[in-house]
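Peer 1: Here's a structure for you.
The values are calculated or read from the model by the stated rules, or taken from the named source; none is laboratory data. Here the structure is a predicted model, which means the values were calculated and not measured. Cβ atoms come from the backbone with ideal geometry, glycine included; neighbour counts cover every protein chain shown. All accessible areas refer to the heavy atoms of the entire protein, side chains included, with ligands and DNA or RNA removed. Shrake-Rupley method; radii C 1.70, N 1.55, O 1.52, S 1.80 Å.
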Amino acid sequence: MVSIHHVAHRLLTYIPYVLVLIDMRYEGVKGGRDGSVDSHLEMGKKLLAAGQLADALSHFHAAVDGDPKNYMSYYRRATVFLAMGKSKSALPDLSRVIELKPDFTSARLQRGNLLLKQGGLDEAESDYKKVLKSNPSDKEEMEAQSQLSKADEIQRLVAQARGSFSSQDYVTAAAQLDTIIETCVWDVASREMRAECFIVMGEMGKAVSDLKAASKLKNDNTQAFYKLSTIYYNLGDHEMSLSEVRECLKLDPDHKQCYSHYKQVKKLNKQIRSAEELIQEQRYEEAVSKYEAVMKTEPNVHHIALLAKERMCHALAQGQQGGRAVSVCGEVLRSDPENVNVLKDRAEAYVQEEQYEEAVQDYETAAQHSENDREIKEGLERAQRLLKQSLKRDYYKILGVKRNAQKKEIIKAYRKQAKQWHPDNFQHPDEKKKAEKKFIDIAQAKEVLTDPDMRSKFDQGEDPMDPESQQGRQHHQHFHQGYQGFNPFGSGPFNFKFNYN
């Protein structure tokens, strides 16, 4: 067992070392404080010169913490903030520099320039005037005088712009604000006023640009987010509208305008998402109904109605409802004649309705606005083949059925046509000859349209019975040989039992 006396003796031997360390630490605090600040300033300057802004900023932070009354530490840090584009952070540091050293003209000149960019014209003019009274260098005097003149001119333009805006001359106001913002690039009030002008002028893209800048330049700018959300909503961009109004509510959950608008946009967004899921699941009729509900939710916004009709057009075309699709697509194209997606959907609907010339025309128009679209190219080639085919013979028309007819419908139509055009029903030689040709066409139509492979080829614009192709010619010849010299009903000069299957 270790004795207490032994432990006490060991501890006592460490006391001199502990006292030395405490003494060294105390000396460092007492005598090394200023040296540490200087070293941070020096290292920060070197890093700034090397472009290592983040590292330089860390050293200037340390210098400010080490000596809160050293104006140069604040000035250096402000320089880094400006180099990093953080003018909001630089401004308080420059103000602290001027507070600690009122005759530091470089800091005052820089603050004046920042205030001018922010639209703080009175404060900027005050700084420029104080620079001119403080025995500045020639360069500083020239800059201060120039900036002061510019600030005076901007003051005059601001007054004119407000007058133009008040008198509802928005075009003139926007032009005047353009000049103001060239100098006062961070002026929130000017950007918001110009955004209002753009909204009235119908230049929504420019309004959005100004409001986005205003939302970043001013803290807690709920009104900018609300206006952005309403603009996107009126443009039919429900996703962006929802995103912007959520930003408003993050800043102020009780904002009445934003909350009311949020409920409307959220409901609409949910309906549209549901409709798109139905399209993905190929439940096209349900998707159409859902988009009809969208138009009832928001009956007053043109672009939302246009969006709903565009997607209804697509769903109807995909659902093989060509007639309805042509009508709905046409409504969209009257407002947006260069809408490539709607042109493609209507072209497909025209194909379903066997209006091949119109389909070709729509595909050609779409191709003018989207030259490298493979879907357009393939659709156009198919429509052209079908148009050419329609000028020859059309098996669907021969049987009197739609292109989307089921096999049962085709067989039923075939039986009806075969009975009607049976050659034994006609006595006159010319009529009988015509009936025989018609009867063969009916039989060929039935063979093509009840065979999945042959029907698919025909639907793509290729006639499997076309004698122009080798395969088609052989089949065609074989088919004719099989039908020559027989009676499908087993009477008269023919002797072949007609097959109704």
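Peer 1: Limiting things to C-alpha atoms, what are the Rg and the maximum Cα-Cα separation (Dmax) for the stretch 59-108, in angstroms?
Peer 2: 9.9, 26
Peer 1: Summing Lys, Arg as +1 and Asp, Glu as -1, what charge do residues with Cβ under 15 Å from the Cβ of L278 carry, L278 excluded? Spell out each step's value before the answer.
Peer 2: Numbers: positive: K270, R273, R283, K290, R311; negative: E276, E277, E281, E285, E286, E292.
Local charge sum for L278: -1.
Peer 1: Here's another thing I want to ask about it. Putting +1 on Lys and Arg Cβ atoms and -1 on Asp and Glu Cβ atoms, find which of S106, L251, V158 reaches farthest to the positive end of the dipole of the chain.
Peer 2: Among S106, L251, V158, the one farthest towards the positive end of the dipole of the chain is L251.
Peer 1: Also, quick follow-up: Under 21 Å between alpha carbons: how many lysine pairs meet that in the stretch 266-375, if sequence neighbours fewer than 8 apart on the same chain are excluded?
Peer 2: 12
Peer 1: Add +1 for every Lys or Arg and -1 for every Asp or Glu among the other residues with Cβ under 13 Å from the Cβ of L115, and state the total.
Peer 2: Working: positive: K88, R108, R111, K117, K129, K130, K150; negative: D122, E123, E125, D127, D187.
Taking every other residue near L115 into account, the sum is +2.
Peer 1: Expressed as an acute angle from 0 to 90° and rounded to the nearest 10, what is the orientation of the C-alpha long axis of helix 222-234 relative to the principal long axis of the chain?
Peer 2: Between the helix axis and the principal axis of the chain, the angle is about 10 degrees.
Peer 1: Given N residues in the stretch 318-390, what is its alpha carbon radius of gyration divided by 2.2 N^0.38 Å? The partial results should precede the final answer.
Peer 2: On the way: Rg = 11.2 Å, N = 73, 2.2 N^0.38 = 11.2 Å.
Rounded to two decimals, the normalised Rg is 0.99.
Peer 1: Continuing with this model, one more query. Hey, what number do you get for the chain at 222 nm if only DSSP H runs of n ≥ 4 count, each worth -39500 (n - 2.57), divided across all residues, to the nearest 500? The partial results should precede the final answer.
Peer 2: Values: 25 runs with 386 residues, N = 501.
Calculated mean residue ellipticity at 222 nm is -25500 deg cm²/dmol.
Peer 1: What is the percent of Cα-Cα separations in the stretch 126-187 that go past 20 Å? Please list the in-between numbers first.
Peer 2: Values: 747 of 1891 pairs.
Cα-Cα pairs in the stretch 126-187 separated by more than 20 Å: 40 percent.
Peer 1: Also: Need one word for the stretch 401-472: rounded, prolate or oblate. Basis is the Cα gyration tensor (sqrt eigenvalues a ≥ b ≥ c); a/c below 1.5 gives rounded, then a/b vs b/c decides. The partial results should precede the final answer.
Peer 2: Values: a/c = 3.34, a/b = 1.48, b/c = 2.26.
Note, shape of the stretch 401-472 comes out oblate.
Peer 1: Let me confirm the definition first: pairs of Lys residues in the stretch 381-428, 8 or more apart or on different chains, C-alpha distance under 21 Å. How many are there?
Peer 2: Taking the stretch 381-428 as the scope, the lysine pair count is 15.
Peer 1: I need the Kirkwood Rh of the stretch 48-188: take the reciprocal of the average 1/r across all distinct C-alpha pairs and report it in angstrom. Before the final figure, lay out the partial values.
Peer 2: Details: mean 1/r = 0.0611 Å⁻¹.
Computed over the stretch 48-188, the radius equals 16.4 Å.
Peer 1: Using the alpha-carbon atoms, what tilt in degrees (0 to 90, nearest 10) does helix 238-251 show relative to the longest principal axis of the chain?
Peer 2: For helix 238-251, the angle is close to 20 degrees.
Peer 1: Can you tell me the mean projection area, over all orientations, of the convex hull of the stretch 96-157's alpha carbons? Units nm², please.
Peer 2: Numbers: hull surface 15.0 nm².
Computing the convex hull of the Cα atoms and averaging its projections yields 3.7 nm².
Peer 1: Which aspartates and glutamates have a Cα lying under 19 Å from the Cα of K150, excluding residues fewer than 8 positions away in the same chain?
Peer 2: K150 reaches D122, E123, E125, D127, D138, E140, E141, D178, E182, D187.
Peer 1: Radius of gyration and Dmax for the stretch 124-271's Cα atoms, expressed in Å?
Peer 2: Rg, Dmax (Cα atoms, Å): 19.5, 69.
Peer 1: When the dipole is taken about the Cα centre of the stretch 210-250, and only Lys, Arg (+1) and Asp, Glu (-1) are charged at their Cβ, what size is it in debye, to the nearest 20? Display every interim value, and only then the final one.
Peer 2: Values: 6 positive and 6 negative charges, 32 e Å.
Computed about the Cα centre, the dipole is about 160 debye.
Peer 1: Let me ask something else about it. Using packing as a proxy for protection, rank 202-208, 392-398, 39-45 so that the peptide with the highest average count of other Cβ atoms within 10 Å comes first.
Peer 2: Numbers: 202-208: 15.1, 392-398: 16.7, 39-45: 18.4.
Ranking the peptides 202-208, 392-398, 39-45 by packing returns 39-45, 392-398, 202-208.
Peer 1: Here's another thing I want to ask about it. Over the Cα atoms of the stretch 243-362, how large are the radius of gyration and the largest Cα-Cα distance (Dmax), in Å?
Peer 2: Cα radius of gyration and Dmax of the stretch 243-362 are 17.0, 58 Å respectively.
Peer 1: Using all C-alpha to C-alpha distances in the chain, build P(r) with 20 Å bins and read off the rounded percent in each one.
Peer 2: 15, 27, 22, 17, 12, 6, 1, 0
Peer 1: Same structure, new question: Using a 1.4 Å probe, what is the accessible area per residue for the chain, in Å²?
Peer 2: Working: 28540 Å² over 501 residues.
Result: 57 Å² of accessible area for each residue.
Peer 1: I would also like to ask the following. Treat every Asp and Glu Cβ in the stretch 285-407 as -1 and every Lys and Arg Cβ as +1, leave all other atoms uncharged, and give the resulting dipole magnitude about the Cα centre to the nearest 20 debye. Could you put the intermediate results ahead of the total?
Peer 2: Values: 19 positive and 22 negative charges, 127 e Å.
Charge dipole of the stretch 285-407: 620 debye, to the nearest 20.
Peer 1: If all Cα-Cα distances of the stretch 348-443 are sorted into 5 Å bins from 0 onward, what percent lands in each bin, rounded to whole numbers?
Peer 2: Spelled out per bin, shortest first, that is 2, 13, 17, 15, 14, 12, 10, 7, 5, 3, 2, 1.
Peer 1: Related question: Charges on Cβ only, +1 for Lys and Arg, -1 for Asp and Glu, centred on the Cα centroid of the chain; of F60, Q406, Y170, which one is farthest towards the dipole's positive end?
Peer 2: Q406
Peer 1: Note down the magnitude of the dipole of the chain about its Cα centre, charges +1 on Lys and Arg C-beta and -1 on Asp and Glu C-beta and zero elsewhere, to the nearest 20 debye. The partial results should precede the final answer.
Peer 2: On the way: 73 positive and 75 negative charges, 304 e Å.
Approximately 1460 debye in magnitude.
Peer 1: Taking only Cα atoms, what is the 0 to 90° angle, nearest 10, from helix 71-83's long axis to the longest principal axis of the chain?
Peer 2: Taking Cα atoms only, the helix is inclined about 10 degrees.
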